[in-house]
Structure formats: C-alpha cells, structure tokens
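I have placed the structure first, in the form of structure tokens, so that the comments after it can refer back to it.
The values are calculated or read from the model by the stated rules, or taken from the named source; none is laboratory data. The shown structure was predicted, so the numbers you read here are calculated from the model rather than taken from an experiment. Using ideal geometry, Cβ is built from the backbone for each residue, glycine included, and neighbour counts are taken over all protein chains shown. Just the protein is used for accessible areas: all its heavy atoms, side chains included, with ligands, DNA and RNA removed. Shrake-Rupley method; radii C 1.70, N 1.55, O 1.52, S 1.80 Å.
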Amino acid sequence: GGAVVFDDVYFAYDAERQILNGVSFDIKPGQTLAVVGPSGAGKSTIARLLYRFYDITGGRITIDGQDLRDVTQSSLRSAIGIVPQDTVLFNDTIGYNIGYGREGANQTEIEEAARGASIHGFIESLPDQYAAKVGERGLKLSGGEKQRVAIARTLLKNPPLLILDEATSALDSRTESEIQATLERISERRTTIIIAHRLSTVVNADQIIVLEAGRVAEKGTHLQLLRKN
Ligand code: ADP
Ligand code: ADP
C-alpha cells in the first residue's frame, strides 16, 4: 500500500483565494516525496487534504487506486501516520507518549518503535529510562527528540503512508540529519513518505516537487533540479 496520486487537484479554504491550482503528482508505494517551496505555498494543505480535513474543489486524490472520497475516516486514520509541525507531549512517561492512541501496545513494541525512530539511545541514557516522565526532574526534550517520539508513535501504528509536516525545518543540522537517517530506515520498510518542507535539503527523496503559489513549479530528483537551476 501507500500509492498516492494527486490528479489536477484544486482547493480553496474560502471564496477569497485559490490555494492549490491544479497540483498533480504520483507516488509509488515505498517512495519518498518531498514537497518543498516557500512559506504559504500550500505544502501543509496537501497533508491536510490527504487526511480529509477538507474536501477538494476539483481533480482527484487516490490512495492505492481508491478515490479518497470513498475511503472511510477510520481506514484513513490507520493508513496514514502524521508527524505534525509541533509535537506536544503529555507530562507522562516517554513510553506513554509513544504508545498514546495504541492502548494495547506492550513495552517490547514501544521499545522497538523507539529504536525505529532512533530515540531509544536518548531514552536509555535517562536514569529512569522508559519510566522517565516528560517535565519531571527537568526532563525536557529538544524539538528533534520530540519529533522522534512522534515518529515512534506513528511506527507503532505502522501505516503504509507517513506524512511529515515541515517536521525538520526548525532543527539544527545534526538533528536534521539524524531524522533523515531515521526516515531512510523507515523507507526501507516500504513505507511511503511525504515530507512537506520549507528547505530543499531533502536530498534523498525519490521525487521533489517545488510548490509555488499552489502550483507545481518544478518536479524531479534532487540531481535533476540542481542541473536545471
Ligand atoms: P505552507 O505549508 O506551504 O507554508 P499552507 O498550506 O500552510 O502553506 O498554507 C497555504 C495558504 O493557505 C497560506 O496562504 C495560508 O495562509 C492559507 N491557509 C492555511 N490554512 C488556512 C485556513 N484554515 N483557512 C484559510 N486559509 C488558510
Ligand atoms: P490518530 O487517529 O492516528 O490518533 P489523529 O487524528 O489524532 O490521528 O492525528 C494525529 C496527530 O496528527 C495529532 O497531533 C493531530 O493534531 C495531527 N494531525 C492530524 N491531521 C493533521 C493534518 N492534516 N495536518 C497536521 N497535523 C495533523
């Protein structure tokens, strides 16, 4: 699973302004697509449309050949994992935060997900390890650590499609490259990944689309785009 097609998609939040103006792309299962472009170009909107927060006004979106309009909310929720821009954690154990929404998950599964998201080293370095509570005894997580907890949460769900909404844009370059490496490993599981990103540092994506004012201005691999510009 995880094949996503946007076919000439139009969208507007209100009558004032068109946000997406005929966006098309095609992601094969297990591929990584990076949607890059300036702030306000419509990158997050693409993520929200996939989750059916809003309905499109023209064109078609399909997941695994099925029109998004015909997919139930509950199957969408299990097909898609979203790592939001700002991950807010509960003041509870890191294990609880990873297992949130997956009440049946056991400790082994939680640790496996943490390993998959490359956050286990950090957790195991804490005095209380998985029992450590966020906010207690000064346990504060950096933006990158929070994001990896959010990635671990989605790994428990193991969705065929993972969406990162500008998840790495506010991070230092070391954290960013750690998250890149994490994503590459997730990609090896044949998870389709869509990254909405302000910067074009997403070198390892199979496809990059450059969104400008709701249109696909350019499309290609990193190398193809470098040659053009
Ligand atoms: P990006 O992720 O590329 O920064 P967005 O998809 O968040 O861009 O937003 C695209 C445009 O849609 C922006 O101009 C933004 O102000 C507008 N927008 C975003 N969300 C809403 C909303 N809920 N209602 C109206 N306009 C919105
Ligand atoms: P689940 O049903 O798998 O628990 P949720 O609907 O609770 O999924 O969403 C998981 C997280 O992703 C929440 O933090 C939610 O705010 C965020 N989220 C959901 N949809 C979007 C979206 N379209 N864009 C950005 N963040 C989203």
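Taken over region 110-132, the residue count meeting the criterion of being of a type in the set (D, E, K, R) and open to solvent by less than 80 Å² (accessible area, probe 1.4 Å) is 3.
Number of residues in region 139-187 that are outside any helix (DSSP H, G or I) and either touching a residue at least 24 places away in the same chain (Cβ under 8 Å) or under 28 Å from LEU76 (Cα atoms) (or both) equals 17.
Listed by first and then second residue, the pairs linking a residue in region 15-32 that is more than 15 Å from LYS219 (Cβ to Cβ) to a residue that is open to solvent by 50 Å² or more (accessible area, probe 1.4 Å) and part of a loop (DSSP other than H, G, I, E, B), with Cβ atoms under 7 Å apart and 6 or more places separating them unless they lie on different chains, are ILE19/TYR13; PRO29/GLY1; PRO29/ARG190; GLY30/ARG190.
Return yes or no: is ILE110 within 13 Å of ligand 2 (Cβ to nearest atom) and either under 13 Å from the mean Cα position of the chain (by Cα) or modelled with pLDDT of 95 or more (or both)? In short, no. A search for C-beta distances below 9 Å between a residue of region 207-229 that is free of Cβ contacts under 8 Å to residues at least 60 places away in the same chain and any residue that is assigned to a helix (DSSP H, G or I), counting only pairs 6+ apart in sequence or on different chains, returns GLU218/GLN224; GLU218/LEU225; GLU218/LYS228; GLY220/ARG227; GLY220/LYS228. Of the residues making up region 116-138, those that are hydrophobic (A, V, I, L, M, F, W, C), in a loop (DSSP other than H, G, I, E, B) and under 15 Å from TYR96 (Cα atoms) are ILE119, ALA132, VAL134.
Close contacts from region 77-103, counting a first residue that is within 18 Å of HIS197 (Cα to Cα) and a second that is near ligand 2 (Cβ under 7 Å from one of its atoms), with Cβ to Cβ under 6 Å and a gap of 6+ residues or different chains, come to GLY81/LYS157; PRO84/ASP165; GLN85/ASP165.
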